[in-house]
Amino acid sequence: MKRLILAALVLVGLTCQAQKATEKETVVVIKTSMGTIKAKLYNDTPQHRDNFIKLIDEGWYNGSLFHRVINQFMIQGGQNADGRLDPGYTVPAEITDNHFHKKGALAAARKPDQVNPKKASSGSQFYIVQGKVYDEKTLDMFESRMGKVFNARQRQAYQTVGGTPHLDGDYTVFGEVTEGLDVVDKIAAVKTGPGDVPVEAVTILSITIEKNCGKSCCH
């Protein structure tokens, strides 16, 4: 009997390990006044993933605005619809070489290094990269001027789909757009006024979760 129980426990443990190894990434649906964007949240930035899911569950983003838009750079949202800039806390940095600022990257905004040397992220502010395509010579210049070294994956992405390479290593990238890059382009192209605020409001109607394996998997 003891051998049977032990074998069953081993089997459960192996099953849990297998589930964790193949754990699906959470997919979020961002419905905006200019179209729908889908993005997946990375599992290896768990604090940012879980915080984003928490805010979605609370309805934090519903009815809020993309309040900062810069063409060929990024679109930024995250303020609550009632005007609060953030929920009053930060999220520890989860900056990793695995994820970088290619077009469509979903990343966390933060306060500058002078007041935030650990690069902690805002509790709710996020941006989606639009960026632009760079040639090899320009990437070499970034490396020389900013002390960065781009790997082969980064160089290929920045020379094909584009992005914002100068942000790598300074902000946490915790997901990426899987559908709706054309919507990102449309939002990035809107007319803006002082402070890069869109002249005509671009609203986040809702953010919902399409898939979330995390809570159903073994722990």
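Details
- Residue 114 vs. criteria out of contact with any Phe, Trp or Tyr (no Cβ under 9 Å at 6 or more places or on another chain), of a type in the set (S, T, N, Q), in a loop (DSSP other than H, G, I, E, B) and at pLDDT 95 or above: yes
- Lone qualifier among 185, 140 - being free of Cβ contacts under 8 Å to residues at least 24 places away in the same chain and open to solvent by 40 Å² or more (accessible area, probe 1.4 Å): 140
- Residues located in the stretch 145-165, provided they are in a helix (DSSP H, G or I) and modelled with pLDDT of 95 or more: 152, 153, 154, 155, 156, 157, 158, 159, 160, 165
- Residue within the stretch 104-126 that is in contact with an Asp or Glu (Cβ under 6 Å, 6 or more places away or on another chain), within 21 Å of residue 189 (Cβ to Cβ) and of a type in the set (Gly, Ala, Ser) present: yes
The values are calculated or read from the model by the stated rules, or taken from the named source; none is laboratory data. Keep in mind it's a predicted model, so treat the numbers as computed, not measured. So basically every Cβ, Gly included, is an ideal-geometry build from the backbone, and we count neighbours across all protein chains shown. We work out accessible area using only protein heavy atoms, side chains counted, and drop any ligands, DNA or RNA first. Shrake-Rupley method; radii C 1.70, N 1.55, O 1.52, S 1.80 Å.
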